[in-house]
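Data block below; observations after.
Every number here is computed from the coordinates shown, using simple stated rules; none is lab data. None of the values given here were measured: they were computed from a predicted structure. We place every Cβ from the backbone using ideal geometry, glycine too, and count neighbours over all the protein chains shown.
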Amino acid sequence: MTKITIVIIGILFAFFSKAQMPVHKNDSIFIDSKSVSPFKKSFIIVGYQNLQSTHMDHFIGFNAMVGYNFTPKFSLGIGFEDTYGQHHDDNGWILSEIRLVPVVVDARLVFGEYKLIKPFIELSTGITFFKYYKKVKVPLGSPDITEIEGEFSFGLPFIVQEKGWYNYVGVGTYLKINKHFMPFIGIGFKSYNTSTNVYAVNPRGLNLEIGCKF
């Protein structure tokens, strides 16, 4: 988690350092009272989410992001998510205490604007750092049996730490309270460890998110 924290702090520092760079014109620094501050186009997003996986397990978490509105309709952001799932059966294993921390780049495109709402398409990609406890099947009568599920016996749990390719695609809508306070709701499909390996642990499924853009 220390490495993840350092990465996030570095991203935020680079973002705001770039935003504060002086503007040059004809090789000289000038001040124009009519110029627009980069911070006017910057934003912060915080959100809560609930993912129901294809294995019918739930993963609940929070996310935060800083971003920039390149146009009134297109924005890019950089952020992270911290999500937790208590239980997840996958590939015949019993998994528990699953912690998922993706670091992502997020793109949003507003495709309409109405009196009260601004619908958008959202695409995200990044890297997920995750860990969990894993139990595998052991022979019946083994001294290491800690759990029996149906006809199968499972041994002692051990911790696994991995990383994988994160992806999300979805749609949502902002509620137009004002330009500095826009609650939103979104729904889409999320994969925490996209892989061609059928034995990879990959919590994925339908994700519901509510949050606010400041």
What's the long-distance tail for region 41-194, i.e. % of Cα pairs beyond 24 Å?
-> 44 percent
Final fewest-first order of GLU122, GLU97 on the 10 Å Cβ neighbour count is GLU97, GLU122
Here the relative contact order (percent) of region 106-164, from C-alpha pairs under 8 Å and at least 6 apart, is 30 percent
Spherically averaged projected area in nm², based on the convex hull that wraps the Cα atoms of region 116-196 = 8.9 nm²
